[in-house]
Amino acid sequence: MDDGSLTGQARLLQLGLETPLTLVESALDRASASRGVFIHLMEAAARTDAALSSKRWSAGRPLSPFDGIPFAVKDLFDVAGTVTTAGSRLRSASPAVPHDCAIVQNLRRCGMIPIGKTNLSEFAFSGLGLNPHFGTPSPAGHEDRVPGGSSSGSAIALQRGIVTVALGTDTAGSMRLPAAFNGLVGFRPSTGRYDMHGVYPLATSFDVAGPMANNANDCAVMDALMRGVEPAGVAAPFPPDFIVDSSFLDDPKLQPAVRKNLLAFVARMESLGARIETRPVGTIACARAAIRTLGWLGGVEAAMFHRERLASTERTMMDPRIVTRLESAAAMPADCVATLRKLRIDLMQRLPQDLNNAVLILPTVPHVAPSLAPLALDDALFASINLATLSTTMIGSFLDMPGLAVPSGVDSDGLPTSVLLTAAFGCDDAVIAAGLWASPSASRD
């Protein structure tokens, strides 16, 4: 029986209890029945790929244990034969791209099968996931809530059981936030970990791709496959050193359920042998204050990238909430931009010493998924809630910190909460290992 995991499907294929054809047909059936999740389904191509994969398995020559497993792709990634819309109708008439992006190429070499391009906030510039052009995907069981963005479709494709893994991107929180709102695991790597060739940009100093899955183990496997390397062993027997930043726990904007579940997560880690220190982290506080007072540097880069579009009549065809954010970012004074760029470098250099090789535990987002309807009707409320939603993950992006969002529980309404395991730039393997260690199913023999 499919347990909703990538590795579970791989076991079924190996045992002959599933075939690529049945996996792909099941995924396509569920995808076709969904609304607002996919911008484009690749039904014919996926079936052709599944037939070829099934022949390889029958001949005993699969390309990898994951040959034939379907996955979803955020519509920022080039996939041969499809249009990369970036969630905007302005790009709907663009020509289909002739080649896969580098990451999709790596997954295809393992025999994995993209079934479609998922929906997102227009141009990936929102943490809430609303899209007026292609619809807004909704979580099963909580259809009145936002999906989180910008990788909204990828998250909901997982949450609704259409696929077991999906690709997304993260500039200010776009992987971590939809993972948090939907009880998923999402990984934001350090910049440079994956080849970004063929991924539509927003702010190139901050843009990263990443995997999203139902558990940390599948994220770890996908991390390797996306880099074109063999997945390593997933056991993480060491007890990690963690730091809990106390300033976030004292924040009045932190919802009680998020705080309660974070503390329960910490207590469980402590009971398993983890060494945990609770204290404010100075570099994090500096970055947090700078973003609050000066603004978001990634927004400046995004506004520069879209400057010609904003100066033309095309702006009238864009989501007005996105236009407002871009124009606000474009108005940041040059001295503020220079200050933020210098501060970013300084703080990134100081952070390793401040953390002393520990993994930092933060709330991924200070609240559960907000109600959708009020945000769709009130642009000012949308702007306020969007900024609050991004408030923690922006810090990690500003400092280029790898981060793994993992579920921590639910609130009284059954809405997921999440904790963020994060560390200094380049400590991706330590973050993934900590996530594996923290997993309830991890082996610590």
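The rows are residues; the columns are (1) open to solvent by 20 Å² or more (accessible area, probe 1.4 Å); (2) of a type in the set (Lys, Arg); (3) within 23 Å of ALA388 (Cα to Cα); (4) in a helix (DSSP H, G or I).
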| residue | (1), (2), (3), (4) |
| --- | --- |
| LYS253 | yes, yes, yes, no |
| VAL258 | no, no, yes, yes |
| ALA267 | yes, no, no, yes |
| GLY298 | no, no, yes, yes |
| MET304 | yes, no, no, yes |
| ARG309 | yes, yes, no, yes |
| LEU326 | no, no, yes, yes |
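Filter region 269-290 down to residues that are under 15 Å from ASP245 (Cα atoms) and assigned to a helix (DSSP H, G or I), then give me how many there are.
The number of residues fulfilling the criteria is 8.
Residue by residue through region 301-329, note down the ones that are without any contact (Cβ under 8 Å) to a residue 60 or more places away in the chain, out of contact with any Gly (no Cβ under 8 Å at 6 or more places or on another chain) and not hydroxyl-bearing (Ser, Thr, Tyr).
If the condition is that a residue be without any contact (Cβ under 8 Å) to a residue 60 or more places away in the chain, out of contact with any Gly (no Cβ under 8 Å at 6 or more places or on another chain) and not hydroxyl-bearing (Ser, Thr, Tyr), then ALA303, MET304, ARG307, GLU308, LEU310, ALA311, ARG315, PRO320, VAL323, GLU327 are the ones that fit.
When you scan region 224-240, do you find a residue that is under 27 Å from LEU272 (Cβ atoms) and modelled with pLDDT of 95 or more, even just one?
There is at least one residue in region 224-240 that is under 27 Å from LEU272 (Cβ atoms) and modelled with pLDDT of 95 or more.
Inspect all residues belonging to region 394-404 and state whether any of them is crowded, with 24+ Cβ neighbours inside 10 Å, within 24 Å of GLU143 (Cα to Cα) and β-branched (Val, Ile, Thr).
Within region 394-404, not a single residue is crowded, with 24+ Cβ neighbours inside 10 Å, within 24 Å of GLU143 (Cα to Cα) and β-branched (Val, Ile, Thr).
Quick check on my filter: what residues within region 357-371 are farther than 16 Å from GLY435 by Cβ and either open to solvent by less than 40 Å² (accessible area, probe 1.4 Å) or without any contact (Cβ under 8 Å) to a residue 40 or more places away in the chain (or both)?
Within region 357-371, VAL365, PRO366, HIS367, VAL368, ALA369, PRO370 qualify.
Please verify whether ILE276 is in contact (Cβ under 8 Å) with a residue 24 or more places away in the chain, within 27 Å of THR191 (Cα to Cα) and out of contact with any Lys or Arg (no Cβ under 6 Å at 6 or more places or on another chain), treating the condition exactly as stated. Talk me through it step by step, then tell me what you get.
Numbers: in contact (Cβ under 8 Å) with a residue 24 or more places away in the chain: yes; within 27 Å of THR191 (Cα to Cα): no; out of contact with any Lys or Arg (no Cβ under 6 Å at 6 or more places or on another chain): yes.
Here the answer is no, as ILE276 does not meet what is asked.
With the requirement that a residue be open to solvent by 20 Å² or more (accessible area, probe 1.4 Å) and in contact with a helix residue (DSSP H, G or I) (Cβ under 8 Å, 6 or more places away or on another chain), what does region 408-426 give you? Write out each step before concluding.
Of region 408-426, the ones open to solvent by 20 Å² or more (accessible area, probe 1.4 Å) are 408-414, 416, 425-426.
Those that are open to solvent by 20 Å² or more (accessible area, probe 1.4 Å) and in contact with a helix residue (DSSP H, G or I) (Cβ under 8 Å, 6 or more places away or on another chain): SER408, GLY409, VAL410, ASP411, SER412, PRO416, PHE425.
Quick check: is even one residue across region 214-232 more than 14 Å from the chain's Cα centre (by Cα), open to solvent by 50 Å² or more (accessible area, probe 1.4 Å), within 19 Å of LEU404 (Cα to Cα) and in contact (Cβ under 8 Å) with a residue 60 or more places away in the chain?
Yes, region 214-232 contains at least one residue that is more than 14 Å from the chain's Cα centre (by Cα), open to solvent by 50 Å² or more (accessible area, probe 1.4 Å), within 19 Å of LEU404 (Cα to Cα) and in contact (Cβ under 8 Å) with a residue 60 or more places away in the chain.
Which pairs have Cβ atoms under 8 Å, sit 6 or more apart or on different chains, and link a residue in region 178-203 that is farther than 21 Å from ALA303 by Cα to one that is aromatic (Phe, Trp, Tyr)?
Pairs found: SER190/PHE425.
Within region 120-171, track down each residue that is open to solvent by less than 10 Å² (accessible area, probe 1.4 Å) and acidic (Asp, Glu).
GLU122, ASP170
The values are calculated or read from the model by the stated rules, or taken from the named source; none is laboratory data. These figures come from a predicted structure and were not determined experimentally. Cβ sites come from the backbone with ideal geometry, for glycine too, and all protein chains shown count toward neighbours. We work out accessible area using only protein heavy atoms, side chains counted, and drop any ligands, DNA or RNA first. Shrake-Rupley method; radii C 1.70, N 1.55, O 1.52, S 1.80 Å.
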